[in-house]
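Step one of this worksheet: look at the structure below.
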Amino acid sequence: VLPDLRKEYSPDLIVANGENSAGGLGIDPRCADEIWAAGVDVISSGNHIWKKKTLLPYLEQHEDKLIRPYNFPPSAPGRGWTLWKSHSGYSVAILNLQGRVFMTDLIDCPFRALDDLLAGEAGQADYIFLDFHAEATSEKIALAKYADGRIQMMVGTHTHVQTADERVLANGTAYITDAGMCGPAEGVIGVRADSIVDRFINARPTQFELAKGPAIVNAVFFEVNEQKEILRIERIRREFTP
Ligand SMILES: [Fe+2]
């Protein structure tokens, strides 16, 4: 789908959250290579970045284009942001943070982590994009309000379900609560429905298996001018049968 979207939108930069590209759980080197080969420039991630041990050296070797949430302890491998430079000379800082509500609360505060990032080299970029990987809509909207006017673009990820609240906030930051996922359209957020229904009915763990059938690609397109004003924020949804 990505080559078609590229033709249609002509983006300068493509960012994809790849944290569950390895069969629905985690990301491994082969998946990262496939995502880059498809035309993605930078891969962000989230809570499942640590699932595949084979990825850890990759995080170190490819930290310019594969990032993990910044607010993990400093001992974590990899980096929490990267700087992408366009052919025409402008730069975009791509930041990755993870929420704490209904997720692990062992990581650092994402609000203070954002301050920390913007006070440093990332804050010097021409444009700033944030992937906030979080469960609670409230935490995502709160961070968006906190970031408003200090960054240009923010997407939430992690819930797999695209929200319809894309907008430009009062101080100019373009925001959507969740970009949605790329994966099986049927099932329960990508997993075979019968096993998940069974889990709810019986309150016991079940096997997670990817749902079959049609697939969806969810994405968000941003257009920003040289004055850092948002010209467009658009939800994208494509369905196809693999
Ligand atoms: Fe996640």
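Based on what the data block shows, is Pro69 within 16 Å of the ligand (Cβ to nearest atom), touching a residue at least 60 places away in the same chain (Cβ under 8 Å) and farther than 18 Å from Phe222 by Cβ?
yes
Residue by residue, here is whether (1) within 16 Å of the ligand (Cβ to nearest atom); (2) basic (Lys, Arg) holds:
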| residue | (1), (2) |
| --- | --- |
| Gly39 | no, no |
| Tyr58 | no, no |
| Lys65 | no, yes |
| Gly89 | no, no |
| Asp105 | yes, no |
| Ala113 | no, no |
| Ala119 | no, no |
| Gly123 | no, no |
| Phe129 | no, no |
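Sort out for me the strands (runs of 3 or more DSSP E) sitting completely within segment 136-220 that have 2 or more residues that are among the β-branched types (Val, Ile, Thr) and in contact (Cβ under 8 Å) with a residue 40 or more places away in the chain.
153-157
Pick out the one residue from Ile27, Ile35 that is touching a strand residue (DSSP E or B) at 6+ places or on another chain (Cβ under 9 Å), closer than 19 Å to Phe132 by Cβ, β-branched (Val, Ile, Thr) and surrounded by 14 or more Cβ atoms within 10 Å (Cβ to Cβ).
Result: Ile27 is the single residue among Ile27, Ile35 that is touching a strand residue (DSSP E or B) at 6+ places or on another chain (Cβ under 9 Å), closer than 19 Å to Phe132 by Cβ, β-branched (Val, Ile, Thr) and surrounded by 14 or more Cβ atoms within 10 Å (Cβ to Cβ).
Within segment 100-134, track down each residue that is in a loop (DSSP other than H, G, I, E, B) and over 11 Å from Tyr70 (Cα atoms).
Arg100, Val101, Phe102, Met103, Thr104, Asp105, Leu106, Gly120, Ala125, Asp126, Ala134
Values in this text are rule-based calculations from the coordinates and carry no lab data. Everything numeric in this text was worked out from a predicted model, so none of it was measured. So basically every Cβ, Gly included, is an ideal-geometry build from the backbone, and we count neighbours across all protein chains shown.
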